[in-house]
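J.: Structure incoming, see below.
The values are calculated or read from the model by the stated rules, or taken from the named source; none is laboratory data. Since the model is a prediction, treat every value here as computed from it, not as a measurement. Virtual Cβ from ideal backbone geometry, glycine too; neighbours counted across all protein chains shown.
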Amino acid sequence: METSEKENKYYRAKERVESIKKFYTGLLSYLFFISLLAGINYWTDEWRYPWFLWAAFGWGIGLIFQAIKTFSLNPFFGRDWEERKIKEYMEEDEKQKRWK
């Protein structure tokens, strides 16, 4: 294996680790600040109107999208989807050439 390939693999792995680290940092921030907002909400009006849930919902949507990106959780276009489609189209092209 060439040195440049090893370096590329190292940098891709490093980027992945940094992405995972960023996600978990965001998750911890989310838990801390939403808990803080829930405490403030309880202290001010004893949850008669749970306004902190608006912040939890909005920030939670962003966190879900970050998790999908970080952990490659896309159910529609998974890791092997692109390779399968390329092979499928190549096979279709071969079949069409045989019949012509």
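J.: Report every pair of residues separated by at least 6 positions or lying on different chains whose Cβ atoms are under 7 Å apart, first residue within the range 25-49 and over 22 Å from ALA67 (Cβ atoms) and without any contact (Cβ under 8 Å) to a residue 12 or more places away in the chain, second surrounded by 12 or more Cβ atoms within 10 Å (Cβ to Cβ) and among the hydrophobic types (A, V, I, L, M, F, W, C).
T.: Pairs found: ASN41/TRP47; ASN41/TRP51; ASN41/PHE52.
J.: Does the range 53-84 hold any residues that are at pLDDT below 80, part of a helix (DSSP H, G or I) and either surrounded by 11 or more Cβ atoms within 10 Å (Cβ to Cβ) or β-branched (Val, Ile, Thr) (or both), and which are they?
T.: Residue satisfying the conditions is TRP81 alone.
J.: Still on this structure, please answer the following. Please go through the range 1-14 and pick out each residue that is part of a helix (DSSP H, G or I), of a type in the set (Asp, Glu) and exposed (fewer than 10 other Cβ atoms within 10 Å of the Cβ).
T.: Within the range 1-14, just GLU5 meets the criteria.
J.: Out of curiosity, is GLY39 under 12 Å from the mean Cα position of the chain (by Cα), surrounded by 10 or more Cβ atoms within 10 Å (Cβ to Cβ), at pLDDT 95 or above and of a type outside the set (Ser, Thr, Tyr)?
T.: In short, no.
J.: May I pose another question? Considering only the range 51-76, state which residues are closer than 14 Å to LEU28 by Cα and among the polar types (S, T, N, Q).
T.: The answer is GLN66, and nothing else.
J.: Please give the number of the condition TRP47 fails out of (1) surrounded by 12 or more Cβ atoms within 10 Å (Cβ to Cβ); (2) part of a helix (DSSP H, G or I); (3) not β-branched (Val, Ile, Thr).
T.: Of everything listed in (1) surrounded by 12 or more Cβ atoms within 10 Å (Cβ to Cβ); (2) part of a helix (DSSP H, G or I); (3) not β-branched (Val, Ile, Thr), TRP47 misses just condition (2).
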